[in-house]
Amino acid sequence: MNNIEHTKIPQATAKRLPLYYRFINNLYNQGKTRVSSKELSEAVKVDSATIRRDFSYFGALGKKGYGYNVDHLLTFFRETLSQDEVTKVTLIGVGNLGTAFLNYNFTKNNNTKIEIAFDTTPEKVETNIGGVPVYHINQLEEKIGEDISVAILTVPAQAAQPIADRLVKAGIQGILNFTPARITVREHVRVHHIDLSVELQALVYFLKHYPLYENNEAE
C-alpha cells in the first residue's frame, strides 16, 4: 500500500476502500476533476468525518477548501487495490448461489474473475456455466492452478471445513465463505465469513429498533 504498513489500517477502513474507488471511478468517467468529502459522503453513505479519517491513513490525499483531485484519487486507489492486476478466483459449490456467481462473474470489476468451478452434481460436472468450466470436486487439486489465489465457498455447511482444508493445501490464500460454518485455517490464509441469514436478521433488528438509523457502514 504505497509503503504504508497494512497493520496500521483499521479493517473497517480497508473494507470501505472499494466503495470509494467505485465512486471515484464513476466521477472520472463523467469527466469530473475534483470532489469534496461531502459529495463522497452522500454517494457512499459514509459520514464526512469518517472519510477524512480513512483518507488520513494514506497521507495528504486532498487540500482543505479544495477537496480531492479525482485523477489523483483514482490513481491512488488503483494502485492500493491492485486494479491493474487480475485476481483469479475459483468457486466451490455450483448450487443456486454458486450459479448466480458464475453468471455474474464480477462483470463490473474487471480485475476479478472466476476462472474455474467445482461441484459434485453429475448434471453440472463437465459443463460450462457463464463461461466458466465446472469440474468434479475430486479434481480440485489437479485443476487449480498456481495463479488462482482466492476461493468462494458456497457448499453445504458440513462440507465447508474439509473443502477449506483442501483449498489451503492447494495454495489458496483467501476464502470468501458463504456457508453458516465457521471454518478455521492456517494463519497465513484469510477468511471472510458472509452469512446472509445473519445479515438479514441484523437488518430486521435495525429496522425495528432504530427507525432513524442512518445507512452508514459500522466502524
TODO: Just check the stretch 87-198 against the gyration tensor rule for me: Cα atoms, a ≥ b ≥ c as the square roots of the eigenvalues, rounded for a/c under 1.5, and otherwise prolate or oblate depending on whether a/b exceeds b/c.
DONE: rounded
Open item on the list: With angles folded into 0 to 90 degrees, how steeply does helix 157-169 sit against the dominant principal axis of the chain? Use alpha carbons for both and round to 10.
Closed with: 80
Open item on the list: Taking the Cα of residue 45, stepping 7 Å toward and past its beta carbon, and measuring to each backbone N in the stretch 182-203: which are under 12 Å?
Closed with: 203
- [ ] Mind giving me the nanometre distance, one decimal, between the label points for residue 195 and residue 12, set 7 Å out from Cα along Cα→Cβ?
- [x] 2.1
Task: Estimated distance in nm for a label pair at residue 97 and residue 123, the labels positioned 7 Å out from Cα along Cα-to-Cβ - done: 2.1
TODO: Enumerate the calculated ³J(HN,Hα) couplings along the stretch 204-209 in order (Karplus 6.51 cos²θ - 1.76 cosθ + 1.60, θ = phi - 60°), each rounded to whole Hz, writing x wherever the residue is Gly or Pro.
DONE: 4, 4, 5, 4, 7, 9
- [ ] DSSP loop (so not H, G, I, E, B), at most 12 other Cβ within 10 Å: list which trypsin sites (Lys or Arg not before Pro) in the stretch 111-219 pass both filters.
- [x] 182, 186
Open item on the list: Just checking my list (1) 18.2; (2) 18.9; (3) 19.6 against Kirkwood radius over Cα pairs in Å computed from this structure; which label fits?
Closed with: (3)
Task: Magnitude of the charge dipole, the chain, Cβ model with Lys/Arg +1 and Asp/Glu -1, debye to 20 - done: 740
Task: Cut-off under 5 Å, modelled amide H: who pairs with residue 191 long-range - done: 175
- [ ] Report ³J(HN,Hα) in whole Hz for each residue of the stretch 89-105, in order, from the Karplus equation J = 6.51 cos²θ - 1.76 cosθ + 1.60 where θ = phi - 60°; Gly and Pro get x.
- [x] 10, 10, 10, 10, x, 9, x, 4, 5, x, 5, 4, 4, 5, 6, 7, 6
Task: Summed side-chain charge close to residue 180 - residues other than residue 180 whose Cβ falls under 13 Å, Lys, Arg +1, Asp, Glu -1 - done: -1
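Any read-out appearing in this document is the output of simple, stated calculations on the displayed coordinates, not a laboratory observation. Predicted, not measured: the structure shown is a model, and the values here were computed from it. FYI the Cβ positions are ideal-geometry reconstructions off the backbone, even for glycines, and counts take in every protein chain you see.
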